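One structure is given here, and the rest of the page talks about it.
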Amino acid sequence: MEGIKVLELARTLAGPVSGQMLGDLGAEVIKVEQPGRGDEARHFSPPEWEGESCYYLSSNRNKRSITVNLKTERGKEIIHELAKDSDVLIENFRTGATEKLGIDYETLKKINPRIIYLSVSGFGRTGPEKDRAGYDILMQGYAGLMSTTGEPGTPYKAGPSVADLTTGILGALGVLAALLARGKTGEGQFVDSSLLDGQIMTLNHLATGFFATGQSAKPMGQAHNSIVPYQVFQTSDKNIVLAAGNDSLWEKVCKGMGWEDLLQEESFKTNQLRVSNREQLIPILAERISQFTSDEFCSKMDEAGVPCGPVNSVGEAITSPQAVARESMVNVDHPKIKDLKTPAFPVKLSDTPASVRLHPPLLGEHTEDVLLSLGFNSEKISRMREDGVL
């Protein structure tokens, strides 16, 4: 994406994730922040690293930061000037706010018909609830994720901000599609990415299953509603996951462990039967698996060709030999933090790999450089600082 210019007016997580992904792929990203305070994510802590929020650090590399007061006329003019030369704009204001500020799609496409305008929101920009604010935990509940997670009767949110992250990834995908379309038509377009739509997409077969059966999926704890055995088990030292996703894998589990009695049991012959008889089968498996250490059991499953592995902590996961070999975490040079590491771009491209070129910027770090490039001189910039524009 070298040569693509992105103007990011987004805060917190979903919008900045889109901007970071585009930046990782080579785009030039200018992050516009509120003077004095900046992106709200700068204040989401703990944890902090040398006074910088880890929340912010994880989602804002490969960007330059400028501060602009969007509520001033001069601030709006600066955004208009930047939009003239931008390929993409990313925003996640409440519905209607960009129109009041004069930086909405209809206004900016008159300035730049080629601009691709990514609008990130909780509920989407259409529909009866478009004006509602949406945060990750709210949307995990509203969009059905919580109702299928955890133990029966107690809804759980996912640990990471999966609604925000999904929306950010899908927003970047939408931008890429719009860029391809612009290559054919020469015109930009409006891209609407919402936490609601992203979370409903992740319901996947559970959503389709509702229309097939009229029944909403229920939480299954560590188990799966359609596959057995496909869940967490406790070994003698730690939890592991066993994922026998089909009848062939079930056969390999039994043969690999020497459990011929289970293999011959008619009530466990097929996955459909195992699902129907899970209350009989799971206690048997739990008791037998508990006799092994995690290494012992997982080694046997590896030899048998059955997906199986430990339930790792965050630290164990990101420092595992496989994660290290895959370079799943990347080093980022930073003026305040030694050995800063953040999650890498998750897709490996053979010829045009993602790269880290810029650290997550300090607040307003590049304001003067960007404004000088727009033709403002140092005197005007100083005056705008005094006037509260920057």
Partner aspartates and glutamates whose C-alpha sits under 20 Å from that of LYS218, ignoring same-chain residues fewer than 8 away, are GLU151, GLU279
Residue-ordered couplings for region 235-247, obtained by feeding phi - 60° into the Karplus form 6.51 cos²θ - 1.76 cosθ + 1.60 and rounding to whole Hz (Gly and Pro as x), are 8, 5, 10, 6, 6, 10, 10, 10, 10, 8, x, 7, 5
For region 270-277, Karplus-derived ³J(HN,Hα) couplings (6.51, -1.76, 1.60; θ = phi - 60°; whole Hz; x for glycine and proline) come out as 10, 4, 4, 5, 5, 5, 5, 10
So if I place +1 on the C-beta of Lys and Arg and -1 on the C-beta of Asp and Glu, and nothing else carries charge, what would the dipole magnitude of region 38-99 be about its Cα centre? I want it in debye, nearest 20. 60
Filter the trypsin sites (Lys or Arg not before Pro) in region 1-46 to those in DSSP coil with at most 13 other Cβ atoms within 10 Å of their Cβ, and list the result. ARG37
Quick one: dipole size for region 162-319, taken about the Cα centre, charges +1 on Lys/Arg Cβ and -1 on Asp/Glu Cβ, in debye to the nearest 20. 400
Give me the dipole magnitude in Debye, nearest 20, for the chain about the Cα centre, with unit charges on the beta carbon: positive for Lys and Arg, negative for Asp and Glu. 820
By average C-beta atoms within 10 angstrom, highest first, the peptides 19-28, 303-312, 200-209: 19-28, 303-312, 200-209
Would you rank GLU40, GLU386, GLU316 by solvent-accessible area, highest first, keeping every protein chain in place and using a 1.4 Å probe? GLU386, GLU316, GLU40
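Per-residue counts of other Cβ atoms within 10 Å, averaged by peptide: what ranking do you get for 266-274, 147-155, highest first?
Values: 266-274: 15.4, 147-155: 13.0.
Most protected by this proxy first, the peptides run 266-274, 147-155.
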Got a number for carbon plus sulfur as a percent of the chain's accessible area, 1.4 Å probe? 53
Determine the per residue accessible area of the chain with all protein chains present and a 1.4 angstrom probe, expressed in square angstrom. 51
Table column - 3J(HN,Hα) (Hz), region 147-160, Karplus curve with 6.51, -1.76, 1.60, x for Gly and Pro: 5, 10, 10, x, 8, x, x, 9, x, 10, 7, 5, x, x
Flagged as over-length at 28 Å C-alpha distance, from LYS63/LYS336; LYS76/LYS341; LYS110/LYS348; LYS157/LYS252, the pairs are LYS76/LYS341; LYS110/LYS348; LYS157/LYS252
Can you give the calculated 222 nm mean residue ellipticity of the chain, where each DSSP H run of n ≥ 4 adds -39,500 (n - 2.57) and the sum is split over every residue, rounded to the nearest 500 deg cm²/dmol? -11500 deg cm²/dmol
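The values are calculated or read from the model by the stated rules, or taken from the named source; none is laboratory data. All values reported here derive from a predicted model rather than from experimental measurement. With ideal geometry, Cβ positions are generated from the backbone for all residues, glycine too; neighbour counts draw on all protein chains shown. When the accessible area is computed, the model is the full protein with side chains, heavy atoms only, and any ligands, DNA or RNA have been set aside. Shrake-Rupley method; radii C 1.70, N 1.55, O 1.52, S 1.80 Å.
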